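The values are calculated or read from the model by the stated rules, or taken from the named source; none is laboratory data. Note that the structure is predicted; figures quoted are calculated from it, not measured. Quick reminder, even Gly has a Cβ in these numbers, built from the backbone with ideal geometry, and neighbours come from all protein chains shown. To get the accessible areas, we keep the full protein, side chains included, count just its heavy atoms, and leave off ligands, DNA and RNA. Shrake-Rupley method; radii C 1.70, N 1.55, O 1.52, S 1.80 Å.
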Amino acid sequence: MQNRLLLLTVIFAGLAAAQSAPAPTHDLSGVWRWTGRSVLTVSPEMPPFTPLGKQQFDANKPSYGTRAIPPALGNDPQGKCDPLGIPRLLFYGGTNTQELTVSKDRVVEFFEWMHVYRTIWTDGRELPKDPEPSRMGYSVGKWDGDTFVVDSVGFIDSTWVDHFGDPHSDEMRLQERYRRVDQNNLELTLTLTDSKIYSKPWVSDKKTFRLEPKTELAENFCVPSEEEAFNRRMRDPAGGKK
């Protein structure tokens, strides 16, 4: 019995040590899993919409939150396997896992859901003044002490900020601040600035990601043909859509 208690003590001590081990310096490498809820809003306190923002918000018909309607009757881009874009993809509820790979001039962020990636340039370049719009945007990153700061511009306006249909315009600017608090935990805070849609910047609370050292990202595609077949067989009848 004493040997068993001693063994458990050693195991728990080892786990505690791993939990509290200091973070590597300026290294975010690894597979990270978001520890939050299965769906996200950037912040519980959303700033007021501009008139254009309110118009776009009302036009979006999500399947989550207080405005949720049956997916068959909504217009969530996810229902057609359209790429979710940033920041929504950071917190996708089904497989909120991503891998960060660091090289000398960039960080590549690879997402399990839809098997897509984005590049965060770390070679000292500035953000482009007139970027080609895309779902993932154009991102540059640099270290500010122990915090990795990512600034992004150049987003198309067809993606949603979150699962609840909150919109953004093509002028959205996003800043992500990543801080590795210890070996196994990574904190992220976001600031979304879009004067076309919101009356002031939208700042998130802290989001925590947990290191998954033994996890390999699965091939998790959203296949349009399979999604269409599922819609015809299940989603449309369930929503009363003919």
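Structural remarks
- Taking the chain and dividing mean pair separation by its residue count, relative contact order in percent (alpha carbons under 8 Å, at least six apart): 26
- Per-residue HN-Hα couplings for the stretch 142-148 [Karplus 6.51, -1.76, 1.60; θ = phi - 60°; Hz; x = Gly/Pro]: 7, 8, 10, x, 9, 10, 8
- Separation of alpha-carbon centers, the stretch 201-217 and the stretch 77-118, rounded to whole Å: 12
- To the nearest ten degrees, helix 2-20 and the longest principal axis of the Cα atoms of the chain are 50 degrees apart.
- In Hz, Karplus ³J(HN,Hα) per residue of the stretch 54-59 (6.51, -1.76, 1.60; θ = phi - 60°; x = Gly, Pro): 5, 4, 5, 4, 5, 7
- The relative contact order of the stretch 147-242, computed from alpha carbon pairs under 8 Å that lie at least 6 residues apart in sequence, is 19 percent.
- 5 angstrom amide H check on Gly137, placed H, neighbours 5+ away: Ile156
- Relative contact order (%) - the stretch 103-193, alpha-carbon pairs under 8 angstrom, separation at least six: 18
- Within the set [x] 7, 27, 33, 20, 9, 4, 1; [y] 6, 22, 30, 22, 13, 6, 2, 0; [z] 8, 34, 40, 17, 1, the number that P(r) over Cα pairs in 10 Å bins from 0, in percent takes when calculated for this structure is listed as [x].
- Distances between placed amide hydrogens fall under 5 Å for Gly30 paired with Leu100, all partners being 5 or more residues away or on another chain.
- Here the accessible area is traced with a 1.4 Å probe on the protein chains. For the chain, carbon and sulfur cover 54 percent of it.
- In sequence order, calculated HN-Hα J values of the stretch 119-131 (Karplus, 6.51, -1.76, 1.60; Hz; x Gly/Pro): 9, 10, 6, 10, 8, x, 5, 8, 5, x, 7, 9, x
- Gyration tensor verdict on the stretch 144-242 (Cα atoms; rounded if a/c is under 1.5, prolate if a/b is larger than b/c, oblate otherwise): oblate
- Peptides 188-194, 228-234 ordered by packing proxy, namely the average of other Cβ atoms within 10 Å per residue, highest first: 188-194, 228-234.
- Accessible area in square angstrom per residue, the stretch 48-196, 1.4 angstrom probe: 45
- Accessible area per residue was computed with a 1.4 Å probe on protein heavy atoms; Val203 scores about 80 Å².
- Estimated [θ] at 222 nm from DSSP helical runs (n ≥ 4, -39500 (n - 2.57)) normalised by residues in the chain, nearest 500: -4500 deg cm²/dmol
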